[in-house]
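J.: Starting off with a structure, shown below.
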Amino acid sequence: CPTGKFSTGGTFTLGNRAEDGTITDQEVLTTPVVDQACTGLAGSAKFASLKVKGPKSVKSGKKGAFKVTVKNTGTASSKKGKITASGAGKGSATLPVLKPGVSKTITVKAKVKGKKGKKVTVKLKASGGASATGKFKVKVK
């Protein structure tokens, strides 16, 4: 859909077909052409690497809020998906459909575990017709 517009229309021929194959009483129906806006271009969605911001420290066993920015650098809209935290953090958030060139920042609340005073890594992965990863180091208090 490189023009941003999708046009549809059609012509139908109706009639009666006899056993010998002859067609009688033909009528031709033509539908008007309808223009619709396209969502994305031919191709596929592609996520750039995730940009992650989060707290400097989180108490072990408590949730920290991580702001994850996802950008669709592909030529088609993504699918509705998820951002999942793993490693020292466990949690997830819903990722909406992203049109080509659009970025969205989603807050993922992840429960952080680790030894007090140590820095741990929270890994994040976005999926939804494409995928990308990112990580963030946080101190456990």
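The values are calculated or read from the model by the stated rules, or taken from the named source; none is laboratory data. All values derive from a computational prediction rather than experimental measurement. Cβ coordinates were reconstructed from backbone atoms using ideal geometry, including for glycine residues, and neighbour counts include every protein chain displayed. The accessibility values were calculated without ligands, DNA or RNA, using every heavy atom of the protein model including side chains. Shrake-Rupley method; radii C 1.70, N 1.55, O 1.52, S 1.80 Å.
J.: Of all alpha-carbon pairs in the chain, indicate the percentage at a distance above 23 angstrom.
T.: Percent of Cα pairs beyond 23 Å in the chain: 54.
J.: Taking θ as phi - 60°, what are the ³J(HN,Hα) couplings along the stretch 24-30 by the Karplus curve (6.51, -1.76, 1.60), each to the nearest whole Hz, with x for Gly and Pro?
T.: Ordered by residue, 3J(HN,Hα) equals 10, 6, 6, 9, 9, 10, 10 Hz.
J.: In square angstrom, what is the accessible area per residue of the chain with a 1.4 angstrom probe?
T.: 67 Å²
J.: Here's something else I'd like to know. Just the number, please: carbon plus sulfur as a percent of the accessible area of the stretch 21-83, 1.4 Å probe, no ligands or DNA/RNA counted.
T.: Whole-percent figure for carbon plus sulfur exposure: 52.
J.: Let me ask something else. Could you size up the charge dipole of the stretch 59-128 around its Cα centre, putting +1 on the beta carbon of Lys and Arg and -1 on that of Asp and Glu, and report it in debye to the nearest 20?
T.: Approximately 500 debye in magnitude.
J.: Using Cα pairs closer than 8 Å and at least 6 residues apart in sequence, work out the relative contact order for the chain, in percent.
T.: Rounded, it is 23 percent for the chain.
J.: Given the peptides 17-29, 52-64, arrange them by the average over their residues of other C-beta atoms within 10 Å, most packed first.
T.: 52-64, 17-29
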